[in-house]
Every structure is written in structure tokens, then in C-alpha cells.
Amino acid sequence: MPFANTDDGVRLYYEETGSGTPVIFVHEYAGDHRAWEAQMRHFGQRYRAITYGARGYPPSDVPDDVSKYSQARAADDIAAVLDHLKIDKAHVVGLSMGGFATLHFGFRHATRALSLTVAGCGYGAEKGQRDKFRAEVAAVAAFLDENGIEAFAAKYAYGPTRVQFENKDPRGFAEFKQQLSEHSVIGARNTQLGVQGERPSLYDLVDQMAALTVPTLILTGDEDWPCLQPALLMKQTIPSSALSVMPNCGHTINLEDPDQFNRLVGAFIVQVDAGRWPKRDPRTMVTSITGMK
């Protein structure tokens with residue numbers, strides 16, 4: 001199996017296919033490297049497509065120490081995979097937990113990002129929701145300790161922003177739920193406590209977002225309620241960003257509607273590679289609605 005080594009000694013399993021400009025895919029909390037199969041097949045026909053398992057997700061290493069897990073490490077692990085593959089710059093595409101990692105990669109490694117696709121990003125980020133979200137993180141960790149990964153998968157897969165996937169594609173949803181049940185209980189617990197529960201709110205990152213000039217595509221499903229307002233915040237704050245909302249979609253948009261997801265991301269990457277991705281015209285930032293005052 002191919003592995004990339006991080007600077008703190010954690011091995012990250014990766015897969016790649018195709019050739020050309022690199023595109024790296026960063027998975028969500030309930031997924032793993034397998035969640036990007038539809039994207040690997042599609043983008044591998046045109047690009048060097050790469051996916052990997054985050055720390056805590058076998059076959060990647062599963063550190064026992066929760067201090068080995070953090071938002072900063074999640075962003076730096078993207079760079080570690082690129083370093084191992086001797087890739088200087090890549091398009092970075094992340095969903096949910098992977099979307100947060102992608103955004104923070106843009107903060108920490110902006111010169112290495114050709115573009116950022118930040119999808120399904122916002123859980124726990126809204127003002128007034130931080131304490132509630134952290135309480136849910138603690139509850140998830142306790143449930144995993146007490147009941148194991150299979151019981152967790154049977155419950156977590158049916159969250160309010162995931163049932164749309166089951167309604168739309170029962171076969172695909174069953175595969176997603178089965179893969180979730182195969183995760184490491186230690187990795188799932190430590191990722192909750194070290195990454196999810198400790199990451200900063202997007203509302204505390206507006207200065208970093210305002211300074212971000214990397215071409216950025218923000219994607220969300222219109223029934224992914226915890227991500228809608230944060231998506232608007234990112235659109236309003238990141239001057240090089242565009243926002244696309246996928247209709248009748250929940251959280252796991254790359255699995256729920258892969259064709260639409262691939263079209264949106266593919267068109268974005270083509271425009272970036274052509275040097276035609278715009279930055280916000282400052283004339284749009286006046287306070288007047290019509291521009292007459």
C-alpha cells in the first residue's frame with residue numbers, strides 16, 4: 001500500500017489515477033478515501049486525481065493520542081501528501097471536515113493551492129451554536145466509547161442532513177453507511193474531540209478569509225441547513241470566491257449528486273486553469289442598493 005509520511009510520524013494512505021494537473025480530494029468525517037470514487041473516476045480522465053485517508057481512518061495510521069488530531073494538522077496533512085508525491089501546487093477539493101481542512105490549507109499554504117473547493121463547510125460555525133455543537137461532539141465521543149462503531153454508523157448515517165441521500169439513492173446510501181461502519185472507533189472518537197470539537201468558528205476567521213486570494217468555490221446543498229449561513233459568510237468575505245447551491249441536496253453532495261458536483265467543480269477548475277477566475281469588483285461593495293446614492 002502507498003503511504004505518505006507526516007512530520008509527526010503518521011502514515012497517510014493515498015490513491016491516485018490519471019495524469020496532468022493535480023487535483024486532491026479531502027474527505028468528510030463520516031467518509032474516507034473511498035467516498036471520492038465517483039470523482040476519482042471522473043477527474044482521473046483529465047487530471048492527476050488523488051485521494052487519501054485522514055489520520056484516524058484506516059488504512060492510514062490511527063494515533064491513540066488525541067493530541068495528534070487538530071484542525072491545523074488536518075490542513076498540514078494535505079501538504080504532507082503533496083510533498084510525498086513531489087507536487088508543488090494542486091487544486092484542493094474538500095467536503096465538510098475536508099472542506100474545513102481545505103479552507104485552512106488556503107490559510108496556511110496559500111502558495112500551494114491552485115484553487116480551493118470548500119463544500120459542505122459550516123457545522124458548528126454559526127454564532128450561538130458553538131456550545132451546542134461541542135456538547136454534541138462530546139456526546140458522539142461518549143457514544144462511540146460505549147457502543148462501538150457499528151452502532152454509531154447505524155445512528156449517525158440518518159442525521160437530518162443525510163436522509164436526503166437515502167431518499168434519492170438508497171443503494172448509494174447503503175454503501176456509505178456500510179463504509180462508515182468499517183471505520184476505526186478510536187480514530188472516529190479522536191477526530192471528534194481533536195478536530196471537530198476544537199476547530200475555530202468561521203466567524204472568528206473573517207480576517208483570514210478577507211485576505212485569501214486563492215480562487216475559491218463554495219458549494220452547499222440547499223437542505224444542508226447548518227452550512228447555508230456559513231456559506232454566505234464565506235462568499236461575502238472571501239474576495240476570490242463564488243457560491244453555488246445544489247438544489248434538493250443535503251450534506252454529502254459529492255455522493256448524493258455526483259454528476260452535478262463534478263460539473264460544478266470541473267467548470268470551476270477549467271476557468272481557474274485558463275486564468276479567467278475573477279476577483280470581486282470593489283464597485284460591488286458600496287452600501288447603496290442601486291448605486292445611485
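We did not get these values from a lab; they are worked out from the coordinates using the rules stated. Computed from a prediction, not measured in an experiment: that's the story for all the values here. Using ideal geometry, Cβ is built from the backbone for each residue, glycine included, and neighbour counts are taken over all protein chains shown.
Ordering GLU28, GLU136, GLU146, GLU16 by the number of other Cβ atoms within 10 Å of each residue's own Cβ, fewest first, gives GLU146, GLU136, GLU16, GLU28.
For region 4-82, a crude dipole built from +1 on the beta carbon of Lys and Arg and -1 on the beta carbon of Asp and Glu, taken about the Cα centre, is about 340 debye to the nearest 20.
A straight chain from THR17 to GLU198 at 0.36 nm per residue would run longer than the Cα-Cα distance by 61.8 nm.
For region 1-104, trypsin sites (Lys or Arg not before Pro) are listed when DSSP marks them as loop and at most 11 other Cβ atoms sit within 10 Å of their Cβ; the list is LYS86. At 222 nm, what helix-only mean residue ellipticity would the chain give, in deg cm²/dmol to the nearest 500, using -39500 (n - 2.57) for each DSSP H run of four or more? For the chain, the value works out to -13000 deg cm²/dmol. Relative to the longest principal axis of the Cα atoms of the chain, the long axis of helix 225-237 makes an angle of roughly 40 degrees.
In this structure, the pairs whose alpha-carbon distance is over 32 Å, taken from LYS89/LYS168; LYS89/LYS155; LYS86/LYS155; LYS89/LYS235; LYS89/LYS279, are LYS89/LYS168; LYS89/LYS155; LYS86/LYS155. Compactness of region 93-252, taken as the C-alpha radius of gyration over 2.2 N^0.38 Å, stands at 1.06. Between ASP222 and ALA38, the contour length at 0.36 nm per residue exceeds the alpha carbon distance by 64.1 nm.
Basic side chains Lys and Arg get +1 at the Cβ, acidic Asp and Glu get -1 at the Cβ, and with that the dipole of the chain about its Cα centre reaches some 1040 debye. Between region 109-177 and region 66-84, the C-alpha centres lie 19 angstrom from each other.
Note on region 3-285: dipole from Cβ charges, positive end direction compared against VAL140, MET234, PRO63; the farthest Cα belongs to MET234. Spatially, region 24-42 and region 234-293 are offset by 21 Å when compared through their Cα centroids.
Structural descriptor for the chain: relative contact order 19 percent, calculated from alpha carbon pairs under 8 angstrom and at least 6 residues apart. Look at SER60, SER19, SER240, SER96 and count the other Cβ atoms within 10 Å of each Cβ; fewest to most, that gives SER19, SER240, SER60, SER96.
Here r is the Cβ-Cβ distance between GLN178 and MET285 and R0 is 35 Å; the resulting FRET efficiency, rounded to 0.05, is 0.15. Rounded to the nearest Hz, the phi-derived 3J(HN,Hα) couplings of region 76-92 under the Karplus curve 6.51 cos²θ - 1.76 cosθ + 1.60 (θ = phi - 60°) are 5, 5, 4, 5, 5, 5, 4, 4, 4, 8, 6, 9, 7, 9, 8, 6, 10, where x marks glycine and proline. Note that region 263-280 has calculated 3J(HN,Hα) couplings of 5, 5, 5, x, 5, 4, 5, 4, 5, 5, 5, 7, x, 10, 7, x, 9, 4 Hz, one per residue in order, obtained from phi through the Karplus relation 6.51 cos²θ - 1.76 cosθ + 1.60 (θ = phi - 60°); glycine and proline are x. Mind pulling the angle between the C-alpha long axis of helix 130-156 and the longest principal axis of the chain? Nearest 10 degrees, somewhere in 0 to 90. It works out to around 40 degrees. Here region 86-192 is treated with +1 on each Lys and Arg Cβ and -1 on each Asp and Glu Cβ, and its dipole about the Cα centre works out to around 440 debye. Among beta bridges from DSSP that stay inside region 3-285, the antiparallel ones total about 25%. Spin-label model, SER70 to ASP207: label points 7 Å out along the Cα-to-beta-carbon direction sit 1.9 nm apart. Considering only MET285, LEU205, MET246, the residue lying farthest towards the positive end of the dipole of the chain is MET285, judged by Cα position with unit charges set on Cβ. Protection proxy ranking for 153-162, 117-126, 274-283, using the average of other Cβ atoms within 10 Å per residue and placing the highest first: 117-126, 153-162, 274-283.
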